[in-house]
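To keep things clear, I will list the structure first and then write my remarks on it.
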């Protein structure tokens, strides 16, 4: 990830993984879920709201 989304997600890492950690019961799985979500968000076309494959 490049630019402000990556920096912003690093700043908020603990908050971002709190809910997946509670749901999944594992910090490593929570980190994977957050990473996947950030990657998907970085591929989204923000002008249309469409997720690019």
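The values are calculated or read from the model by the stated rules, or taken from the named source; none is laboratory data. A quick note: this is a predicted structure, and the numbers were derived from the prediction, not measured.
Only a single criterion out of (1) in a helix (DSSP H, G or I); (2) at pLDDT 70 or above is not satisfied by residue 7, namely (2).
Among the residues making up the range 22-36, those that are assigned to a helix (DSSP H, G or I) and over 13 Å from the mean Cα position of the chain (by Cα) are 22, 23, 24, 27, 28.
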